[in-house]
Amino acid sequence: MLRYALKRLLSLTISLIIASIVIFAVIEVIPGDVVRQILGEAYREDTAAALRTELGLDGGPVSRYFSWVTGMLTGDFGTSYTYRTPVADLISDRIGVSLPLAIYALVLSTLIAFPAGIYAASRRGGAGDVTVMGLTQLGVAIPNFWFAMIMVLVFAINLRWFPSGGFPGWDKGFWVSMKALTLPAIALALPQAAILARVMRSSLLDMLGEDFMRTARAKGLTRRQALWRHGVRNALIPVLTIIGLQFAFLLAGGIIIEQVFYLPGLGRLIFQAISARDLIVVESVVMLLVFLVILVNFTVDLAYAAVDPRLRSRA
Amino acid sequence: MKGLWLGIVISVIVIALAVISFVWTPYDIQVLDVPNKLHPPDATNLLGTDHFGRDILSMIMLGARTSIAVALVAVGIGMAIGVPLGLWAAARRGSLLDEVIMRGNDLIFAFPSLVIAILITAVFGPSAVNAIIAIGIFNIPVFARLTRGAALSLWERDFILAARVCGKSAFRISWEHILPNITNLMIVQGTIQFSLGILAEAALSYVGLGAQPPTASWGRMLADAQTLVTLAPHVALVPGLAIVVTVLGLNLMGDGLRDRLDPRVRADRT
């Protein structure tokens, strides 16, 4: 197990290094001088030089790459060109919205998908199965940002159950904040719940055909007992992998949903930074998202190997 | 098989609308008719008008063109690069090259497609072409993995062994024997990636990273509709439904084709 973990850790590190080089290189080829953009047409050379030093733009690409990476490792993401505040502060403000939103959506998606998938599998071929599968077809076909707009129209504007957008901030109270995140989380969770329900169903159906299920029935368990004690438990293994992948999608997918609800999360930060050509912010937020995604996948791999010993030998 | 036919019918209708828009649309969307804005659907404007008084049906037809073009080219990019990579990795299975190709794929997978799109737009500016590249890049590992997996099991088969005995090179075997045997699989996956591409294009143009005005796009129409949804719900409902119906149709077609063409699923059913 330890060898496996070390091996995965090595490949995680290599992935992160390559990802950081790619992101840095992509941002590097952008034409235009930031300093000239900030100062306008008429400026003094010494002012420009001072600003360049302040923003960490002096030196060659290689030395700037290393100062960017070593900075990030110590929690220093550089200074935003437009906000003139540390990027780390901007990110830590915004991640307080994006991360809870992704977790909230993940919980909702799991809460919807598990019962739906188990129900459909236990009624295979019946009316209940057909209905659930039809709904999941619909769920994957609906763009989540459009679903969000429709929910705003119905639940925020007509029924006034939820705010239509914005975020009060966690200091204004937990429940008010959760209420503001509810519609966004539902919108984000919908397609993921549809996918997860399908995976849950097919994984459980695979298990129902296994010999150990017949054994469970033979030793006197009822259908229901066998399903819950042996079927669902074993079916969870592939489902957990998908949940890990989905968390990554939810985190990145939140970028779009944040636009619908005007939530001050990482998504809005990145779009504002793009339009202001504040590339250090774009660079760092993208790197952070990729890091989180790779980290989640790494954790899932490890959890998976801990549950299923066959995987350790394969890698 | 009902799903397959329903899917085919829907897809044909959407494609037909897009093709017809090249020669005819009910109204010219370049002409603004502001006094007639936000008109609900009626006999003159079957799907109503938008905030500039433009006919929504005409815009949906032109938007179908954008969606199909972007998604189709993106699938093309994914196949054109992904399939050869997968074939190559399978031909050299277990080698360093195989490892490098597959790890490279994992790396692309680790970048959420949206983040790739954002990076590309940050560098080159928003446009339909950049949306195509962003979606296309994400399709590469999908096809590479699928091809490698399918090709690996084919390499074990007797008829490939026979081809090797005949002295055919790995390249010729991949081209003459492996590729024709995985075409079905590619068609099915292509349909699914096509529908995902349509959703991705809509999302990108919704946040302003896709096709730019005056090019009509379903995602853009939804972005414009967002502040008008209380005044005139149809401006938000129609483009959204267009996306849902199209994606649903393509998915039904993909699932139906899989049942027909994919031998693994066929074996499962019996």
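Every read-out reported here was derived from the displayed coordinates using simple, explicitly stated rules and does not represent laboratory data. Remember, predicted model here, so these are calculated numbers, not experimental data. FYI the Cβ positions are ideal-geometry reconstructions off the backbone, even for glycines, and counts take in every protein chain you see.
Which listed residue (B:PRO112, A:ALA194, B:VAL31) has the Cα farthest towards the positive end of the charge dipole for the protein assembly as shown, taking +1 on Lys and Arg C-beta and -1 on Asp and Glu C-beta about the Cα centre?
After comparing all options, I get A:ALA194.
For the Cα atoms of chain B, what angle does the longest principal axis make with the long axis of helix B:96-110, in degrees from 0 to 90, nearest 10?
20 degrees
For Cα pairs less than 8 Å apart in space and 6+ apart in sequence, what is the mean separation divided by the residue count of chain B, i.e. the relative contact order in percent?
Values: 402 pairs, mean separation 72.0, N = 270.
Relative CO of chain B lands at 27 percent.
Could you work out the Rg to Rh ratio of the protein assembly as shown, with Rh taken as the Kirkwood radius (inverse of the mean 1/r over all Cα pairs)? Kindly include the intermediate steps, with their values, before the conclusion.
On the way: Rg = 25.6 Å, Rh = 26.2 Å.
We get a ratio of 0.98 for the protein assembly as shown.
What is the angle, in °, between the Cα long axis of helix B:56-91 and the longest principal axis of the Cα atoms in chain B? Nearest 10 is fine, range 0 to 90.
Long axis of B:56-91 versus the principal axis of chain B: about 10 degrees.
Charges at C-beta only: +1 for Lys and Arg, -1 for Asp and Glu. How large is the resulting dipole of segment B:149-248 about its Cα centre, in Debye rounded to 20? Mind dumping the intermediate values first?
On the way: 5 positive and 5 negative charges, 54 e Å.
Roughly 260 debye, rounded to the nearest 20.
Please give the charge dipole size of segment B:97-198, origin at the Cα centre, charges +1 on K and R Cβ atoms and -1 on D and E Cβ atoms. Round to the nearest 20 debye.
Working: 7 positive and 6 negative charges, 28 e Å.
The dipole of segment B:97-198 has a size of about 140 debye.
What are the ³J(HN,Hα) values, in whole Hz, obtained from phi via the Karplus relation 6.51 cos²θ - 1.76 cosθ + 1.60 with θ = phi - 60°, for each residue of segment A:292-301 in sequence order, with x given for Gly and Pro?
Values per residue, Gly and Pro as x: 4, 4, 4, 5, 4, 4, 4, 4, 4, 4 Hz.
Averaging over every viewing direction, what projected area does the convex hull of the Cα atoms of segment A:88-314 cover, in nm²?
Approximately 15.7 nm², given one-decimal rounding.
Counting only helical runs of four or more DSSP H residues, what would the 222 nm mean residue ellipticity of chain B come to if each run contributes -39,500 (n - 2.57) and the total is spread over all its residues?
Working: 11 runs with 193 residues, N = 270.
After summing the helix terms and dividing by residue count, I get -24000 deg cm²/dmol.
Running Debye on segment B:152-254 with equal point scatterers at the Cα sites and no solvent, what base-10 log of I(q)/I(0) appears at q = 0.23 Å⁻¹?
-1.11
Output the Kirkwood hydrodynamic radius of segment B:101-159, Cα pairs only, in Å rounded to one decimal. List each step's numbers first, then the result.
Working: mean 1/r = 0.0777 Å⁻¹.
Every distinct Cα pair counted, the radius reaches 12.9 Å.
If you fit an axis through the alpha-carbon atoms of helix B:128-155 and take the longest principal axis of the Cα set of chain B, what angle between them do you get, 0 to 90°, nearest 10?
30 degrees
Between rounded, prolate and oblate, where does segment B:2-269 land on the alpha carbon gyration tensor, with a ≥ b ≥ c its root eigenvalues, rounded for a/c under 1.5, else prolate if a/b exceeds b/c? Don't skip to the end; give the middle numbers.
Values: a/c = 3.10, a/b = 2.04, b/c = 1.52.
In terms of gyration-tensor shape, prolate.
What size of dipole, in debye to the nearest 20, comes out for chain A about its Cα centre when the only charges are +1 on Lys and Arg C-beta atoms and -1 on Asp and Glu C-beta atoms?
Numbers: 28 positive and 20 negative charges, 408 e Å.
Computed charge dipole of chain A: roughly 1960 debye.
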